[in-house]
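Single-structure report; data block below.
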Amino acid sequence: MDAFLHDVVRQDGTVAADRLTDQLRVTRKELAAASGLSRDAVSKAARLRAPATQARLRGMVEVINRVLPWAGSVPQAFAWYRSQPIPAFGDQTAEQLVRQGRADHVLDYLGGIALGGYA
């Protein structure tokens with residue numbers, strides 16, 4: 001599963017939008033929508049390097065990476081991210097929560113489940 005992170009995160013720690021779109025099989029416009037960013041934020045080099053943009057993309061990548069072992073593949077993990085309601089968050093999806101800047105809450109929730117907690 002570390003292969004996904006290795007593929008989409010550069011050595012300097014930044015998320016490579018082009019690699020991420022390839023892995024998720026989406027356009028930049030779809031990537032922007034799934035992460036709660038503007039299309040310019042994932043298309044223009046200067047905006048892509050901005051800390052806020054990178055934080056949002058990193059949260060998305062970390063959530064997908066966390067569910068990857070359970071989902072079985074990157075496309076299935078992305079489908080979960082986009083569509084599976086999470087009861088602990090009022091049936092919002094991980095995508096909705098990441099778009100609100102709450103990736104850390106999703107990661108904490110998933111960490112609890114990984115340790116044997118209930119959904």
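Figures for the structure shown
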{"read-out": "Region 1-113, relative contact order in percent, only Cα pairs under 8 angstrom and at least six apart counted", "value": "23 percent"}
{"read-out": "Karplus 3J(HN,Hα) series, Hz, for region 20-32 with 6.51 cos²θ - 1.76 cosθ + 1.60 (x for Gly, Pro)", "value": "5, 4, 5, 5, 8, 6, 10, 7, 5, 4, 5, 4, 4"}
{"read-out": "J(HN,Hα) series, region 70-79, from Karplus relation 6.51 cos²θ - 1.76 cosθ + 1.60, nearest Hz, glycine and proline x", "value": "7, 7, x, 7, 4, x, 6, 5, 5, 4"}
{"read-out": "Principal axes of the chain: Cα extent on each, largest first, Å", "value": "41, 28, 22"}
{"read-out": "Size of charge dipole - the chain - debye, nearest 20, with Cβ of Lys, Arg +1 and Asp, Glu -1, no other charges", "value": "440 debye"}
{"read-out": "In order through region 40-55: 3J(HN,Hα) via Karplus (6.51 cos²θ - 1.76 cosθ + 1.60), integer Hz, x for Gly, Pro", "value": "4, 5, 9, 10, 8, 3, 5, 6, 5, 7, 4, x, 5, 5, 5, 4"}
{"read-out": "Mean residue ellipticity (222 nm) of the chain, computed from DSSP H runs ≥ 4 via -39,500 (n - 2.57), nearest 500", "value": "-19000 deg cm²/dmol"}
{"read-out": "Cα-based Rg and Dmax for region 75-119, where Dmax is the largest Cα-Cα distance (Å)", "value": "10.0, 27"}
{"read-out": "Q92 long-range amide H proximity, modeled H, under 5 Å", "value": "I86"}
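Values in this text are rule-based calculations from the coordinates and carry no lab data. These numbers were taken from a predicted model, which means no experiment stands behind them. Note that each Cβ is placed from the backbone with ideal geometry, even for glycine, and that neighbours are counted across all protein chains shown.
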